[in-house]
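The values are calculated or read from the model by the stated rules, or taken from the named source; none is laboratory data. Just so we're clear, the structure is a prediction, and the values are computed from it rather than from any experiment. A quick note on method: Cβ atoms are made from the backbone with ideal geometry, for glycine too, and the neighbour counts reach across all protein chains shown.
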Amino acid sequence: MKTEKPPATGVALTLQDVLDGLAPVEGLTDARRRDLRSAVRCYAKLTGVPPAAIPLDLAAIRERLDGMVPAEVKVSAKRWANRRSDLAGAFAACGLMPIVKTAKVKPDAAWAALLAPVADPAIRNGLSRFCRWATLRGIAPTAVDAGVIERFVAELTAASLARHIGEQYRTVARAWNALVAIRGGEGLHQVALPERPAPVRVAWEQLPAAFREDVDRHLAWCAVPDPLDPQARGRALAPATVGLRRNHIHSAIQAARDAGMAIERFTALADLVDLAVVRTVLRQCWIADERKLSAYTHGLAGTLARIAAEWVRAPAATIIELKKLRIRLGQLPPGMTEKNKALLRTFDDPRLLAALMHLPDRLWRQARRGLGASRRPFIDLQTALAIDILIHVPLRMENLSVLAFGVHLHWPQGRGKPALLVMRGDETKNSYPLEFEIPVALAERLQVYRNEIAPAVTGKRPDALFVAWDGTPITQEALTVRIERAIRKHLGVKMTPHQFRHLAAKIILDANPGAYELVRQMLGHKNTKTTVSNYAGIDTKRAGRAHADLLLKLREENLRPKRRRRPKKPQED
C-alpha cells in the first residue's frame with residue numbers, strides 16, 4: 001500500500017495533473033498506462049467537464065461514482081468495476097496522493113485461521129477488506145474494537161474510492177459481531193453498532209395526547225363510518241386521502257416546531273389552523289422548499305383550510321383569510337412536473353422503451369435460474385411481476401402493493417386464459433372501480449408463482465401477491481424500493497412506480513393522438529378534464545411534429561419542377 005505524501009504545492013490538483021503524472025512513472029506497461037489514462041478520461045467525459053477543471057477530490061469523485069450505475073453509462077457491471085478500479089489505480093500510480101490498496105494483500109496467519117472455518121458469505125465478504133487492512137497495519141484480531149474500525153473507515157474515506165463509504169462502519173461492525181458470536185471465547189470482543197439517524201420529523205407519540213386524540217377523531221370522521229349520522233361528512237375520503245391528511249397534519253406540526261413554536265401548545269386541531277400559526281407553517285415550508293411553491297406545500301395549505309372549515313368550523317372570515325394565504329403562495333403550473341416531462345422524453349428513444357418492455361422477462365428468467373442457490377431470486381421474481389403488471393395495468397402503488405389472489409386477481413375462464421384484475425370503488429383513490437384484463441403470458445406467470453414457486457419458499461400458497469420469505473405481506477414502501485432499484489440497475493433510469501401511469505398515457509397518445517378518453521379509462525380518472533390537463537403537453541409536441549411534416553410536404557411540392565404544357569398546334573383544314 002502506497003502512503004507517499006503528495007508534493008507540496010500551492011495549486012489545487014486536478015485530474016489533468018493525474019494524466020501528466022502518469023507519463024513519467026516507471027514500471028508501468030504501455031497497456032497498463034493506457035488503461036489508467038483511459039479511466040481518468042472516461043470519468044471526465046461522464047461528468048462533461050475537462051480533466052483540468054475537475055479537482056482531485058476523492059470524496060467528491062466517490063460521491064459522483066456512487067450515484068451512477070453501469071446501465072446509466074451504457075457499460076457492463078464488470079466493465080464499470082474495472083473503470084472504478086483503474087481510476088483508483090491512476091491516483092495511486094501518479095504519486096500525487098496516498099491511496100489505500102489492499103486487493104493483493106493476503107491476511108496474516110491469525111486472521112486466516114480466524115476466518116478459515118467460517119462459511120457465512122456475509123461475514124467473509126463483510127470483513128474481507130478489513131482483515132487485509134488490519135494485516136497491513138499489524139492489528140491482531142484480539143485488538144479489534146470500535147476505535148480500530150473507525151480508523152479503518154477514516155483511512156478509506158481519506159484515501160480510497162471504496163463504495164458506499166457511509167455504510168462501511170455498520171457493515172464491518174455487523175460482520176465482526178457475527179464472527180465473534182461464532183468464535184466466542186478466543187479473546188474477541190463485540191463492538192457497538194452506530195445509532196440510526198434521528199427521524200427528521202418529531203415522533204407522533206411525542207405530540208400532546210389531547211392533540212393526537214382530536215386528530216384520530218377527525219380522521220375517523222373523514223372516513224364516514226356512519227353515513228346516517230347527522231354530523232357525518234358529506235362524502236367519505238378514500239383511505240389514501242385520509243393517510244395523506246394525517247401526513248399533512250404531521251408536517252404542519254413539524255414546520256411549526258422548526259419555526260420555534262413549542263409542540264405543547266397544540267392540544268387540538270383548532271390550535272393548528274389558527275390564522276397566525278398557518279401563516280408561520282406555510283412560510284416555513286416555503287423557505288424549506290427554497291422559496292418555491294411545491295405541490296406538497298400547496299396541498300398542505302388546502303388541507304389546513306378544509307380542516308378549519310369542516311372540523312373546527314372557524315368563522316367565515318378566518319376561512320377566507322386561510323384561502324388567501326394559499327393563493328398568495330402562487331399557483332402550481334398545469335400539467336406534469338418538469339421531472340415527469342424529462343422522464344417521458346427519455347422514452348422517446350425506442351431502444352430504452354423496448355428495454356423496459358423486456359425487463360420483466362429478463363428479471364424473471366434470471367431469477368428462476370437462481371432459485372436453488374438462495375432466497376434472493378424470490379424477491380426478484382416478485383419485482384418482475386410488479387413491473388409487468390405496471391406495464392399492462394398502471395395501478396397506483398397503494399393498489400398494486402395489496403393485490404391478492406381471489407380478491408383482485410381472478411381466472412374466470414380457467415388457467416391458460418386471460419385473467420382479470422378487479423379493484424372495487426372503495427379501494428381506489430377516487431372511488432372509481434377498475435377492471436382490466438391480464439394477458440395470458442402474465443396470467444400464467446402469476447399461476448406458476450403462486451402454485452409452484454412461492455410454496456417452495458414460504459411453505460404455503462400465498463393469498464397476497466407480494467410476500468416476504470415467511471409468507472407475510474410486504475409493505476408498499478418495500479415494494480416501491482425494489483421496483484425503483486431494478487429499473488435503475490438494469491436501465492440506468494430513475495423511475496418511480498407512479499410514473500408508469502404517465503408512460504402509459506404517452507404510449508397511448510403516441511399511437512392514438514387525441515385519445516384522451518382511452519387514457520382516462522386506463523388511468524381510472526373520473527373526469528376527462530383531469531386527463532387533458534395532465535397530458536395535453538404530450539399532444540402539443542406531437543402536433544408540432546405533424547405541423548413540421550406538413551410544412552416539409554408543402555415545400556417539396558413547391559420545389560418540384562412543373563412541366564410546361566406545349567401549345568396545341570392548330571389543326572389544318
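Points to keep in mind about this one:
- No other residue among Ala90, Ala39, Ala71 is surrounded by 17 or more Cβ atoms within 10 Å (Cβ to Cβ), in contact with a His (Cβ under 9 Å, 6 or more places away or on another chain) and either farther than 30 Å from Leu188 by Cβ or β-branched (Val, Ile, Thr) (or both) apart from Ala71.
- Lone unmet requirement of (1) surrounded by fewer than 19 Cβ atoms within 10 Å (Cβ to Cβ); (2) touching an Asp or Glu at 6+ places or on another chain (Cβ under 8 Å) for Glu437: (2)
- Screening the candidates Leu518, Leu503 for the property of being modelled with pLDDT of 90 or more, more than 13 Å from the chain's Cα centre (by Cα), closer than 17 Å to Ala355 by Cβ and of a type outside the set (Val, Ile, Thr) yields one hit, Leu503.
- Number of residues in the range 432-491 that are out of contact with any strand residue (DSSP E or B) (no Cβ under 6 Å at 6 or more places or on another chain) and either at positive phi or among the small types (Gly, Ala, Ser) (or both): the value is 8.
- Condition check for Ala12: part of a loop (DSSP other than H, G, I, E, B) and either polar (S, T, N, Q) or touching a strand residue (DSSP E or B) at 6+ places or on another chain (Cβ under 7 Å) (or both): yes
- Any hit, the range 244-255, residues being crowded, with 18+ Cβ neighbours inside 10 Å, touching a Phe, Trp or Tyr at 6+ places or on another chain (Cβ under 8 Å), at pLDDT 95 or above and not in a helix (DSSP H, G or I): no
- You will find that of Val172, Val200, the residue that is out of contact with any Ser or Thr (no Cβ under 9 Å at 6 or more places or on another chain), closer than 30 Å to Trp80 by Cα and in contact (Cβ under 8 Å) with a residue 24 or more places away in the chain is Val172 and no other.
- Residue selected from the range 329-354 under the condition among the aliphatic types (A, V, I, L, M) and within 21 Å of Ser533 (Cβ to Cβ), by the criterion surrounded by the fewest Cβ atoms within 10 Å (Cβ to Cβ): Ala342
- Taking the range 369-401 as the range and being over 13 Å from Ala486 (Cα atoms) and either in contact (Cβ under 8 Å) with a residue 60 or more places away in the chain or aromatic (Phe, Trp, Tyr) (or both) as the test, the residues that pass are Leu371, Arg375, Phe378, Leu390, Ile391, Pro394, Arg396, Met397, Glu398, Leu400, Ser401.
- Flag if Val393 is touching a strand residue (DSSP E or B) at 6+ places or on another chain (Cβ under 9 Å), in the same structural domain as Lys506 (by TED's automatic domain parsing) and over 16 Å from Thr496 (Cα atoms): no
- Complete set of residues in the range 209-235 that are free of Cβ contacts under 8 Å to residues at least 24 places away in the same chain, surrounded by fewer than 18 Cβ atoms within 10 Å (Cβ to Cβ), hydrophobic (A, V, I, L, M, F, W, C) and under 30 Å from Met423 (Cα atoms): Ala220, Ala223, Val224, Leu228, Ala232
- Ala543 meets all of the listed conditions (1) out of contact with any helix residue (DSSP H, G or I) (no Cβ under 6 Å at 6 or more places or on another chain); (2) of a type outside the set (Asp, Glu); (3) within 23 Å of Val393 (Cβ to Cβ); (4) at pLDDT below 90 but one, namely (3).
- Residue within the range 155-162 that is more than 28 Å from Leu58 (Cα to Cα) and either surrounded by 13 or more Cβ atoms within 10 Å (Cβ to Cβ) or touching a Pro at 6+ places or on another chain (Cβ under 9 Å) (or both) present: no
- For the range 111-169, taking the residues that are touching a residue at least 40 places away in the same chain (Cβ under 8 Å) and among the acidic types (Asp, Glu), the one that is nearest to Asp86 (Cα to Cα) is identified as Glu155.
- One residue stands out in the range 72-130 among those that are of a type in the set (Asp, Glu) and outside any helix (DSSP H, G or I): the one that is nearest to Ala181 (Cα to Cα), namely Asp120.
- Looking across the range 272-290, the residues that are surrounded by fewer than 17 Cβ atoms within 10 Å (Cβ to Cβ) and among the acidic types (Asp, Glu) come down to Asp289, Glu290.
- Test: residue in the range 420-429 that is of a type in the set (Gly, Ala, Ser), buried (at least 17 other Cβ atoms within 10 Å of the Cβ) and at pLDDT below 95: no
- Count of residues meeting criterion [over 24 Å from Glu213 (Cα atoms) and either in contact (Cβ under 8 Å) with a residue 12 or more places away in the chain or small (Gly, Ala, Ser) (or both)] in the range 283-311: 11
- Pairs, first surrounded by fewer than 19 Cβ atoms within 10 Å (Cβ to Cβ) in the range 503-525, second among the acidic types (Asp, Glu), C-beta under 8 Å, six or more apart: Pro513/Asp539; Gly514/Asp539
- Only one of the listed residues (Leu293, Leu300, Leu332) is part of a helix (DSSP H, G or I) and out of contact with any strand residue (DSSP E or B) (no Cβ under 8 Å at 6 or more places or on another chain). That residue is Leu300.
- The residue list Thr267, Thr280 contains one member that is at pLDDT 95 or above, over 26 Å from Glu477 (Cβ atoms) and in a loop (DSSP other than H, G, I, E, B), which is Thr267.
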